[in-house]
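In what follows, a structure is listed as C-alpha cells, so that the remarks can point back to it.
Quick note: the coordinates plus some simple rules give every number you see, no bench work behind them. Predicted, not measured: the structure shown is a model, and the values here were computed from it. Here the Cβ positions follow ideal geometry from the backbone for every residue, glycine too, while neighbour counts run over all protein chains shown.
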Amino acid sequence: MSEIIGETDRGGEALFDDSVLRSLDLSRCKLVARGQGYPYLSDSLRARPLERGDFANGYLSLLSQLTRVGDYPREKFEAHFDRMRALPGVYYTVVVEDVDGGRRVVGTATLVMELKFIRGAATRGRLEELVVDSEYRNLHLGSYLLELVTELCRGLGAYKMTLDCKPEVEGFYSKYGYTNEGQRYLTQRFHD
Ligand SMILES: CC(C)(COP(=O)(O)OP(=O)(O)OC[C@H]1O[C@@H](n2cnc3c(N)ncnc32)[C@H](O)[C@@H]1OP(=O)(O)O)[C@@H](O)C(=O)NCCC(=O)NCCS
C-alpha cells in the first residue's frame, strides 16, 4: 500500500510534511493484509498531503459530493489553507490524485488532532470529510484513505480516533475497526 504514496516537494506548498505519510507503519492495515493495497489502484493514483494549489485540482468540487461547499474565490481557499498550515500537528488532509491526463483530486480524508488536558494531557484524532469521487468508488480508495489516516493518527500518539457518520455509511466504517459506542452527538446550528 505504501507504494502509492507519492513524494511532494513543491516549494513548501503542502499542508504537512509528506515524510509523515511515507514513514507510516501500515502493517496493521486490512488492505495490506489482504493484498488489496496497490493492486486495486492504477499507477496514476497517488496519495499525498493537500497542497495550496489543489483549489485548481478539483478539491472543492470533490468535497461538494459530501456536503455544501459554497462558491468562493481561490484567495479565500489559500487564506484558509495558510491558517491551517500555521498550526503544525493539527490538520492532516490527505488527498488521492489521479495524474492521468492532468491532476485531479479524486479522494480525500482529513485527520484533526485535538489536544486535551484529560488522560494525562492526551490527544484525540477526529476524522473529517472522507469522500471519494463518484467515478472512483468501490475501488477501495475510501478504505485506503481511512486506513491511512487511522494509522497516521495512531502513529501521532492519539489515544483514540472518532468520526461522525451518516447511518448509511456505518457499515463501511465498521469493516475498518470503528464501533458505535453509543455516544450521542448533539448540534446547535448557527447557520447552514
Ligand atoms: C463512503 C465512501 C468514502 C466509500 O468509499 P469507496 O472507495 O467507494 O469504498 P471502498 O471501495 O473502499 O469500500 C470498502 C469496503 O466497504 C464497503 N462499503 C462501501 N460503502 C459502503 C457503505 N455505504 N456501507 C457499507 N459498506 C460499504 C465496500 O463494499 C467494500 O467492501 P469489501 O472490502 O468487502 O469489498 C464513498 O462511498 C463516498 O465518498 N461516499 C460519499 C461521501 C460520504 O458519505 N462520506 C462518508 C461521510 S460519513
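Worth pointing out:
- Within region 2-174: Cβ-based charge dipole about Cα centre, in debye rounded to nearest 20 (Lys, Arg +1; Asp, Glu -1): 640 debye
- Our analysis of region 18-108 gives Rg over Rh at 1.00, with the two radii drawn from alpha carbon positions and Rh computed by the Kirkwood formula.
- Cβ-based net charge around GLU114, under 9 Å, with every Lys or Arg adding one and every Asp or Glu removing one: +3
- Panel note: the C-alpha atoms of the chain, placed on their principal axes, show extents of 46, 42, 32 Å (largest first).
- Using the Karplus relation 6.51 cos²θ - 1.76 cosθ + 1.60 with θ = phi - 60°, the per-residue 3J(HN,Hα) values for region 139-150 come to 10, 6, 6, x, 5, 4, 4, 4, 5, 5, 6, 5 Hz, with x marking Gly and Pro.
- Distance in nm between pseudo-label sites at VAL69 and GLN188 (7 Å out along the Cβ direction from Cα): 3.1 nm
- Under 5 Å from the amide H of GLY107 lie the amide H atoms of VAL96, ASP133, each residue being 5 or more positions distant or on a separate chain, with H modelled from the backbone and absent for Pro and chain starts.
- Where chymotrypsin sites (Phe, Trp or Tyr not before Pro) in DSSP loops with at most 12 other Cβ within 10 Å are excluded, longest remaining stretch of the chain: 1-116
- Contour excess over end-to-end distance, with Cα ends at ARG22 and ASN180 and 0.36 nm allotted per residue: 53.8 nm
- With the simple model of a label 7 Å out from the Cα in the direction of the Cβ, LEU87 to ASP43 spans 4.1 nm.
- Counted residue by residue at 0.36 nm each, then reduced by the alpha carbon distance between them, the extension gain from GLU13 to ARG119 reaches 34.7 nm.
- Our coupling estimate for region 17-32, obtained by passing each phi through the Karplus curve with A = 6.51, B = -1.76, C = 1.60 and θ = phi - 60°, is 5, 6, 5, 4, 6, 5, 9, 5, 8, 9, 5, 7, 5, 4, 5, 5 Hz, Gly and Pro reported as x.
- Each DSSP beta bridge with both residues in region 2-174 is either parallel or antiparallel, and the antiparallel ones are about 80%.
- Helical runs (DSSP H, four residues minimum) scored at -39500 (n - 2.57) apiece and divided by the length of the chain put the mean residue ellipticity at 222 nm at -6500 deg cm²/dmol.
- Using θ = phi - 60° in the Karplus curve 6.51 cos²θ - 1.76 cosθ + 1.60, the 3J(HN,Hα) couplings for region 58-73 round to x, 4, 6, 5, 5, 4, 5, 7, 9, 7, 5, 9, x, 9, 9, x Hz; x is entered for Gly and Pro.
- Restricting attention to the chain, the count of lysine pairs at 8 or more positions apart or across chains with alpha carbons under 22 Å apart stands at 5.
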